[in-house]
Amino acid sequence: MSDYPIETGRVVISKSGRDKGRPFLIVELLPEPYVLIADGGLRRLRQPKKKKLKHLEITGMVLEGIRDKLKQGTKVFDAELRSALKSAMQKKEE
C-alpha cells in the first residue's frame, strides 16, 4: 500500500477508471476500503465519487486549508478545490 495515512484532505491520483491519472482530494472516509473523492471539476463536492483505496495512488500531499474547512463543516467551493489541487500538482512537478 502506501507509507502515508489515509485521511481527509490528502491528495490522491486515480489508478483506474475513466478518471485514470487525475488528481483528487479525499473528502470523506467511509468503512474500509472506500473513500469519497472530489476534484471540483469532474467530481464536484456536492456529489463526490465513492472509490476503493486499491484504485488510488496515495500521495504525500495534504491540502491543510481545505482539510480544516471540511472537518469544521465550513463551505468549500469547487473553484477553491480546483485551484488548490492545480497548485499542489504544479509544486509536485517542480
Quick test of your reading of the structure: Ile26 fulfils all but one of (1) within 13 Å of Thr8 (Cα to Cα); (2) modelled with pLDDT under 90. Name the failing condition by number. (2)
Working only within segment 29-43, note down all residues that are more than 20 Å from Arg82 (Cα to Cα) and either in contact with a Pro (Cβ under 6 Å, 6 or more places away or on another chain) or part of a loop (DSSP other than H, G, I, E, B) (or both). Leu30, Pro31, Glu32, Pro33
Among Met61, Met89, which is touching a helix residue (DSSP H, G or I) at 6+ places or on another chain (Cβ under 6 Å), surrounded by 13 or more Cβ atoms within 10 Å (Cβ to Cβ), of a type outside the set (Phe, Trp, Tyr) and modelled with pLDDT under 95? Met61
Could you list, in sequence order, all residues of segment 31-48 that are closer than 15 Å to Arg10 by Cβ and in contact (Cβ under 8 Å) with a residue 24 or more places away in the chain? Val35, Ile37, Ala38, Asp39
Among the residues of segment 3-17, are any at positive phi and either assigned to a strand (DSSP E or B) or free of Cβ contacts under 8 Å to residues at least 12 places away in the same chain (or both)? no
So, in segment 32-47, how many residues would count as being modelled with pLDDT under 95 and more than 11 Å from Asp78 (Cβ to Cβ)? 2
Enumeration of residues in segment 56-85 that are among the hydroxyl-bearing types (Ser, Thr, Tyr), more than 15 Å from Arg46 (Cβ to Cβ) and not in a helix (DSSP H, G or I): Thr59
Could you look through segment 3-30, keep only residues that are within 20 Å of Gly73 (Cα to Cα) and surrounded by fewer than 18 Cβ atoms within 10 Å (Cβ to Cβ), and pick out the one that is farthest from the chain's Cα centre (by Cα)? Leu30
From the list Lys54, Lys71, which residue is in contact (Cβ under 8 Å) with a residue 60 or more places away in the chain, exposed (fewer than 12 other Cβ atoms within 10 Å of the Cβ) and closer than 17 Å to Pro5 by Cβ? Lys71
Do the conditions hold for Lys20, that is, is it in contact with a strand residue (DSSP E or B) (Cβ under 6 Å, 6 or more places away or on another chain), closer than 21 Å to Glu93 by Cβ, without any contact (Cβ under 8 Å) to a residue 12 or more places away in the chain and of a type outside the set (Gly, Ala, Ser)? yes
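The values are calculated or read from the model by the stated rules, or taken from the named source; none is laboratory data. Please read these numbers as outputs of a predicted model, since none were measured by experiment. Neighbour counts are summed over all protein chains in view; Cβ atoms, including those assigned to glycine, are modelled from backbone coordinates with ideal geometry.
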